[in-house]
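The values are calculated or read from the model by the stated rules, or taken from the named source; none is laboratory data. Here the structure is a predicted model, which is why all the values come from computation and not from measurement. Positions of Cβ are backbone-derived with ideal geometry, glycine not excepted, and every protein chain shown enters the neighbour counts.
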Amino acid sequence: MTRSDASRVLRLHAAAANLSDHVEPWSRTSDLRSRLSAAPFLMAPMAGVSDAAYRTMARSGGAALAYTEMVSVAGMHYGSLKTWELVDPCDAEPDIAVQLFGRDVGQFREAVIGVQERLRDRLALIDVNMACPVPKVTRKGEGSALLADPDQAAAIIRACTEEADVPVTCKIRLGLTSDAIVAPEFASRMEDAGASAVAVHGRTRSQLYHGASDRSAIAEVVSAVGIPVIASGDAMDEKACVDILHETGAAAVFVARGSYGDPWVFSRALDRLSGREVVPPTTADRLGAFECHVRLLDATGGRMARARSLAGWYLKGLPRAGAMRDAAMRCLTLDDYLDLLDGIRSSLEGDL
Ligand SMILES: Cc1cc2nc3c(=O)[nH]c(=O)nc-3n(C[C@H](O)[C@H](O)[C@H](O)COP(=O)(O)O)c2cc1C
């Protein structure tokens, strides 16, 4: 298989998973706020997770837009092929959002020019990561460290907007610690610098992923800025997605961990928001989605090792899930996973 086979995989295997067999482009006909309000559930950037296969699954499950993982502008500057490949959409993706991280204004400028040249009309927007709490990143003054340096952060946004033909946004946390919440003021600075939207993860850097995401703190950012806010944190199912939208007043919601093994969460959230009946996936849907996802991973040249996590996520809660996950640990190739799925389907035949 080559990278050009993802559309074919989707066409052949999405129906068995109750997913759409193609991905709708993100509308470019209206302004950002109207686009977000028409389709407010987006797949969040996730390092080590949001590769082309994952993004394609999320979008065929109803995500309005899906983001790359955070991509280093320094890596791009030094010409790392692996880094550049992170921003390549597969053929099934009409467009993607690219998230960049770094600190050097010149490197951001170069990266925006390079990403635009590489993706052309398949680039939906550029997001700047000001949220990552990992010490390897913050030690260099990147990611959430920028929350303590609004002048540098504003200079980065200004440089990106000067070069970009698409909206430039940023993703922040509430602050570094709970006694230093800066998000409303910081977001307002980024708006002044030219950001078209701001995504807010309702935790501080020191919280990492502990504790609940603070919806009222996100609402304070919504009140402080005129640009759309994308709320992030604890969007674990369709109820949470809709509650977050209503309680924060945000224009959109990022779904991150809530999409693990559940690409339908986006369309269920849309159904709930519109008052339509919400239908959970069946066991057959989940096995179908696992198959579609591993086939996409293979078709897009993704890392097959990621299929082990996928097995844990898609098989969770099924009868004998533990034994199935153990068997998945021994799989290496696409054929190994397809054989595993055959075995699971025959063992569950009566239940499907
Ligand atoms: C495995 C993993 C990787 C992540 N990588 C990124 C990233 O590259 N860029 C980013 O802005 N946020 C990243 N995040 C944060 C998520 O985008 C999101 O803000 C966070 O998980 C809170 O949402 P949730 O509680 O709904 O999962 C990551 C989260 C996880 C779990």
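Any idea how many residues of the range 165-197 are of a type in the set (Val, Ile, Thr) and within 12 Å of the ligand (Cβ to nearest atom)?
2
I'm told residue 276 meets every condition in (1) surrounded by fewer than 20 Cβ atoms within 10 Å (Cβ to Cβ); (2) more than 25 Å from residue 56 (Cα to Cα); (3) of a type outside the set (S, T, N, Q); (4) more than 19 Å from the chain's Cα centre (by Cα) except one. Can you identify the failing condition by its number?
Of the numbered conditions (1) surrounded by fewer than 20 Cβ atoms within 10 Å (Cβ to Cβ); (2) more than 25 Å from residue 56 (Cα to Cα); (3) of a type outside the set (S, T, N, Q); (4) more than 19 Å from the chain's Cα centre (by Cα), the odd one out for residue 276 is (2).
When you check residue 127 against the structure, is it more than 15 Å from the ligand (Cβ to nearest atom) and not assigned by TED's automatic domain parsing to the domain that holds residue 300, yes or no?
Here the answer is no, as residue 127 does not meet what is asked.
Would you mention how many residues in the range 154-172 are farther than 19 Å from residue 97 by Cα and touching a Gly at 6+ places or on another chain (Cβ under 9 Å)?
So the count comes out to 1.
Quick check on my filter: what residues within the range 1-32 are at pLDDT below 95, charged (D, E, K, R) and assigned to a helix (DSSP H, G or I)?
3, 5
Give just the number: which of (1) of a type in the set (Gly, Ala, Ser); (2) free of Cβ contacts under 8 Å to residues at least 60 places away in the same chain; (3) more than 13 Å from the ligand (Cβ to nearest atom); (4) not in a helix (DSSP H, G or I) does residue 206 not satisfy?
(2)
Filter the range 66-75 for residues that are more than 13 Å from the ligand (Cβ to nearest atom) and crowded, with 24+ Cβ neighbours inside 10 Å and give the result.
Once the filter is applied, which keeps residues that are more than 13 Å from the ligand (Cβ to nearest atom) and crowded, with 24+ Cβ neighbours inside 10 Å, the range 66-75 yields only 73.
Of everything in the range 6-37 that's over 23 Å from residue 260 (Cβ atoms) and among the small types (Gly, Ala, Ser), which residue is nearest to the ligand (Cβ to nearest atom)?
Only one residue tops the list, namely 37.
Among the residues of the range 38-45, is any under 30 Å from residue 226 (Cβ atoms), away from the ligand (no atom under 15 Å from the Cβ) and either assigned to a helix (DSSP H, G or I) or assigned by TED's automatic domain parsing to the domain that holds residue 146 (or both)?
Yes, because at least one residue in the range 38-45 is under 30 Å from residue 226 (Cβ atoms), away from the ligand (no atom under 15 Å from the Cβ) and either assigned to a helix (DSSP H, G or I) or assigned by TED's automatic domain parsing to the domain that holds residue 146 (or both).
Yes/no matrix, rows are residues, columns are (1) surrounded by fewer than 18 Cβ atoms within 10 Å (Cβ to Cβ); (2) outside the structural domain of residue 215 (by TED's automatic domain parsing); (3) of a type outside the set (A, V, I, L, M); (4) within 21 Å of the chain's Cα centre (by Cα):
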| position | (1), (2), (3), (4) |
| --- | --- |
| 141 | yes, no, yes, no |
| 151 | yes, no, yes, no |
| 157 | no, no, no, yes |
| 167 | no, no, yes, yes |
| 171 | no, no, yes, yes |
| 175 | no, no, yes, no |
| 192 | yes, no, yes, no |
| 195 | no, no, no, yes |
| 198 | no, no, no, yes |
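Kindly indicate which of 87, 98, 105 is surrounded by fewer than 24 Cβ atoms within 10 Å (Cβ to Cβ), within 13 Å of the ligand (Cβ to nearest atom) and β-branched (Val, Ile, Thr).
From the options 87, 98, 105, the qualifying one is 87.
Among the numbered conditions (1) part of a loop (DSSP other than H, G, I, E, B); (2) outside the structural domain of residue 92 (by TED's automatic domain parsing); (3) closer than 30 Å to residue 329 by Cα, tell me where residue 289 comes up short.
Result: residue 289 fails condition (1) only.
Checking the structure you have, find out if any residue of the range 236-251 is assigned to a helix (DSSP H, G or I), within 23 Å of residue 97 (Cα to Cα) and within 11 Å of the ligand (Cβ to nearest atom).
Checking the range 236-251: at least one residue is assigned to a helix (DSSP H, G or I), within 23 Å of residue 97 (Cα to Cα) and within 11 Å of the ligand (Cβ to nearest atom).
For the list (1) without any contact (Cβ under 8 Å) to a residue 60 or more places away in the chain; (2) of a type in the set (Gly, Ala, Ser); (3) not assigned by TED's automatic domain parsing to the domain that holds residue 129, I need the number of the one condition that residue 301 fails.
The single condition residue 301 does not satisfy is (1).
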